[in-house]
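Engineer: Sharing a structure, written as structure tokens. Questions coming.
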Amino acid sequence: MPSIPALQDLSITLAHYLGLAGTVFAIGTAIALSKRNAIAVLMGVELMLNAVNLTVLAFSRFSSAFDGTGSAPLDGHVFVVFVLTVAAAEAAVALAMAVLVYRRRETVDLDRVNLMRW
């Protein structure tokens with residue numbers, strides 16, 4: 001019977017965070033490129049932005065500036081707040097545009113929308 005590792009041996013490293021962020025980013029890319037619905041494309045873009053946020057926080061947590069005294073550097077956290085603000089503004093503008101296109105064309109299918117002709 002294999003031995004169970006001690007609790008001290010189980011730790012989450014930077015590679016775990018980067019693997020998770022890479023997986024989330026790949027899923028977001030696949031969704032953004034494969035869907036024809038504008039709302040689904042926006043959800044894929046939001047997943048990609050959240051993966052970048054996770055990466056920034058992981059590097060902030062595991063940076064060489066982390067001195068082990070319990071005070072992590074806040075540079076990554078501040079950057080994440082700015083990215084979240086930009087993502088919220090992007091989502092608001094994009095959803096407003098999707099509602100406008102839906103009102104005019106009665107569809108959010110990106111293949112059927114031609115914005116050059118009204």
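The values are calculated or read from the model by the stated rules, or taken from the named source; none is laboratory data. These numbers were taken from a predicted model, which means no experiment stands behind them. Every residue, glycine as well, gets a Cβ built from its backbone with ideal geometry; the counts of neighbours run over all protein chains shown.
Condition check ((1) of a type in the set (A, V, I, L, M); (2) out of contact with any helix residue (DSSP H, G or I) (no Cβ under 8 Å at 6 or more places or on another chain)) across all residues:
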site	(1), (2)
S11	no, yes
Y17	no, no
A26	yes, yes
A32	yes, no
L42	yes, no
V45	yes, no
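Engineer: Can you tell me which residues in the range 89-108 are closer than 16 Å to K35 by Cβ and modelled with pLDDT under 75?
Structural biologist: Answer for the range 89-108, where residues must be closer than 16 Å to K35 by Cβ and modelled with pLDDT under 75: just V108.
Engineer: Here's something else I'd like to know. Does the range 59-82 include one or more residues that are at pLDDT 80 or above and touching a strand residue (DSSP E or B) at 6+ places or on another chain (Cβ under 6 Å)?
Structural biologist: No, the range 59-82 contains no residue that is at pLDDT 80 or above and touching a strand residue (DSSP E or B) at 6+ places or on another chain (Cβ under 6 Å).
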